[in-house]
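Note sheet for the following structure.
The values are calculated or read from the model by the stated rules, or taken from the named source; none is laboratory data. The model shown is predicted, which means the values in this text are computed figures rather than measured ones. For neighbour counting, all protein chains shown are included, and Cβ atoms are generated from backbone atoms with ideal geometry for every residue, glycine included.
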């Protein structure tokens with residue numbers, strides 16, 4: 001690392017110690033930068049569905065491929081709901097957590113969404129890696145019995161279930177602290193925008209916890225070993 005990168009990591013570790021610890025213990029290649037050419041302005045009309053930067057399959061006859069530039073958090077609405085359960089010291093994600101997560105996202109000025117969940121019988125097999133890991137009990141949390149796929153779909157609405165094109169091909173994860181920016185989709189990266197959590201009223205401890213959980217998600221999905229932190 002350059003002197004600037006070392007300084008950036010030192011500042012990051014002071015604020016988000018659990019996150020940095022998970023990265024180091026996981027053996028990730030870490031790069032701290034001041035900018036990244038994949039960053040673009042957010043689009044508040046897009047659904048905040050997950051941290052996957054694959055293109056979305058557009059709706060309608062053309063099924064055109066579309067970009068998504070909503071802020072990115074693994075699991076989208078489900079990720080925020082997990083953080084709410086953690087805040088209250090619970091390991092069960094309830095309907096109230098999902099509804100509150102949707103409310104917080106909307107009050108921050110964004111659209112609550114999830115990956116496309118249609119066609120699956122149980123959480124343990126869904127296409128969304130975050131939801132699948134939750135459903136398999138690999139993140140230390142579980143859905144309440146009444147938090148079904150059909151119920152979550154009804155809460156966020158069909159149009160805010162985002163169907164993605166192709167399979168995961170990410171070669172890096174971009175953790176972006178630049179406000180009102182997110183990665184422009186090109187299929188090469190996972191993205192996390194922790195700045196959006198502050199807009200929802202979460203404190204540094206809670207942001208740190210969710211970032212550390214996100215590293216566990218990367219491990220669970222055999223995700224990319226390179227993590228680029230944009231400060």
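Give me a count of the residues in the stretch 19-36 that are in a strand (DSSP E or B) and closer than 17 Å to residue 171 by Cβ.
The total comes to 4.
Restricting to the stretch 172-224, name every residue that is touching a helix residue (DSSP H, G or I) at 6+ places or on another chain (Cβ under 9 Å) and over 21 Å from residue 78 (Cβ atoms).
Result: 177, 178, 179, 180, 181, 204, 224.
For the stretch 92-115, does any single residue satisfy the condition of being at pLDDT below 95, under 17 Å from residue 207 (Cβ atoms) and surrounded by 14 or more Cβ atoms within 10 Å (Cβ to Cβ)?
For the stretch 92-115, residues at pLDDT below 95, under 17 Å from residue 207 (Cβ atoms) and surrounded by 14 or more Cβ atoms within 10 Å (Cβ to Cβ): absent.
Would you pick out the residues in the stretch 153-179 that are surrounded by fewer than 14 Cβ atoms within 10 Å (Cβ to Cβ) and under 30 Å from residue 14 (Cα atoms)?
Correct list: 171, 179.
So which of 184, 199 ends up being buried (at least 16 other Cβ atoms within 10 Å of the Cβ), touching a residue at least 24 places away in the same chain (Cβ under 8 Å) and more than 22 Å from residue 98 (Cα to Cα)? Lay out the reasoning, then the answer.
Values: 199 fails: more than 22 Å from residue 98 (Cα to Cα).
Residue meeting the stated conditions: 184.
From the set of residues in the stretch 47-67 that are within 20 Å of the chain's Cα centre (by Cα), part of a loop (DSSP other than H, G, I, E, B) and more than 20 Å from residue 214 (Cβ to Cβ), which is modelled with the highest pLDDT? Explain how you work it out, then say what you get.
Let us first name the residues in the stretch 47-67 that are within 20 Å of the chain's Cα centre (by Cα), namely 47-57, 66-67.
Among the residues that remain, those that are also part of a loop (DSSP other than H, G, I, E, B) are: 49-51, 53-55, 67.
The next check asks that each one be more than 20 Å from residue 214 (Cβ to Cβ); those that pass are 55, 67.
Details: 55: 66, 67: 74.
That would be 67.
Could you say whether any residue in the stretch 213-231 is surrounded by 19 or more Cβ atoms within 10 Å (Cβ to Cβ) and more than 28 Å from residue 8 (Cβ to Cβ)?
There is no residue in the stretch 213-231 that is surrounded by 19 or more Cβ atoms within 10 Å (Cβ to Cβ) and more than 28 Å from residue 8 (Cβ to Cβ).
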